[in-house]
Amino acid sequence: MRTFEYTAPQNTDEAMLRLGSDPGARILAGGTNLVDLMKLGVVAPTTLVDIGGLSLDDVTITETGALRIGANVPNSDLAAHPLVRSRYPVLSQALLAGASGQLRNMATTGGNLFQRTRCPYFMDPGKACNKREPGTGCSAVNGLNRDMAILGASDKCVATHPSDMAVAMAVLEPDLDVLGPAGPRSVPFDDLYRLPGEQPQLDTTLDRDDLVTSLTIPDNPAAQFSTYRKVRDRASFAFALVSVAAILDVEDGVVTDVRIALGGVAHKPWRARRAEEELRGKAVDRAEFARAVDAELSDAKPLSSNGFKIPLVRSVVTQALMGLVDEQEASR
């Protein structure tokens, strides 16, 4: 690990000043991802700006009924919060599906959103990787690609986004409260992540010296019927081969609203908007659910070793939606 400076600002103004004064500075929150990347030599910040001591750890209800979550709220605390468990079970389930209990105790809400891919070529400085070093190539395209993307990839990068929480957030549609050099602004979650395109080194639309202070999830009564399902190689501490976050609202046997997001299949949490459009106004039916997923996957481009993800996505999404149908019927 290379030498670096460490600073623990007392407030957000001081944090922004330190970020702005050093182009090599990086934000440190829980450190569960960044410190690992530093040890591996994947990143080498000149300064760590530790925001862990800032008062960004509250979960509150706003005047509009939205849920505001501070960026420093630990994943364990957020998963266990009564309001999250009752109003947004998809979020609690996604958090509990991620990492281990020890890591969830350290990992923060804000930091979780910005963790880097676990592609083995990105994590190994001895291998070619456009995300780590633009212009060197993507070793995964013709290499070990079982875990890689089938949607939205490019010939420059086929890595997948690792966060479970972010997949749940994709269907909850929060706004991010961001501090930047020009002052505070609000960023819709849907505008946060990028597909790799020609610049796979850029994971998000935010700048290096932007600081997320909180997320605000709008009130959505339908979200009480939501779920997160994850398929992985082992029962714990494994990243998703395929995951799905879903919200479903059914009235008189007809889908009135649905939101679906996929994990483990793209460079970012993949909002399945084509499938959603196919399902709205349709009668609840397992075959109808499967057809909608197939429509979403019509542009999928599997690699040599990950074609199994296509039928796996169809199965996991269909099961998740049918489970929510059963849950709503049981609640009546």
Looking across segment 55-114 at residues that are in a loop (DSSP other than H, G, I, E, B) and hydroxyl-bearing (Ser, Thr, Tyr), the single one that is least open to solvent (accessible area, probe 1.4 Å) is 88
Residue 46: passes all of (1) under 26 Å from residue 269 (Cβ atoms); (2) surrounded by fewer than 20 Cβ atoms within 10 Å (Cβ to Cβ); (3) touching a residue at least 40 places away in the same chain (Cβ under 8 Å); (4) among the hydroxyl-bearing types (Ser, Thr, Tyr) but (1)
Starting from segment 65-76, keep only residues that are in contact (Cβ under 8 Å) with a residue 24 or more places away in the chain, then list their pairs with residues that are open to solvent by less than 10 Å² (accessible area, probe 1.4 Å) and among the basic types (Lys, Arg) whose Cβ atoms are within a distance under 7 Å, requiring at least 6 positions of separation or different chains.
-> none
Some residue of segment 269-279 being modelled with pLDDT of 95 or more, assigned to a helix (DSSP H, G or I) and of a type in the set (Gly, Ala, Ser) | yes
Residue list for segment 1-26, restricted to those being in contact with a helix residue (DSSP H, G or I) (Cβ under 7 Å, 6 or more places away or on another chain), among the aliphatic types (A, V, I, L, M) and open to solvent by less than 60 Å² (accessible area, probe 1.4 Å) | 25
Hey, any hits in segment 167-176 for a residue that's open to solvent by less than 10 Å² (accessible area, probe 1.4 Å), part of a strand (DSSP E or B) and either within 28 Å of residue 217 (Cβ to Cβ) or hydroxyl-bearing (Ser, Thr, Tyr) (or both)?
-> yes
Given 296, 288, which one is part of a helix (DSSP H, G or I) and closer than 26 Å to residue 159 by Cβ?
-> 296
Inter-residue pairs, beta-carbon under 7 Å, first open to solvent by less than 40 Å² (accessible area, probe 1.4 Å) and in segment 177-195, second of a type in the set (Lys, Arg), 6+ apart = 178/185; 193/268
Identify all residues within segment 121-136 that are closer than 11 Å to residue 200 by Cβ, in a loop (DSSP other than H, G, I, E, B) and not polar (S, T, N, Q); write none if there are none.
-> 122, 131, 132, 133, 134, 135
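The values are calculated or read from the model by the stated rules, or taken from the named source; none is laboratory data. On a predicted model such as this, the values are computed, not experimentally measured, just so you know. Methodologically, a virtual Cβ is constructed for each residue, glycine included, from the backbone with ideal geometry; neighbour enumeration extends over all protein chains shown. Only protein heavy atoms, including side chains, enter the accessible area calculation; ligands, DNA and RNA are left aside. Shrake-Rupley method; radii C 1.70, N 1.55, O 1.52, S 1.80 Å.
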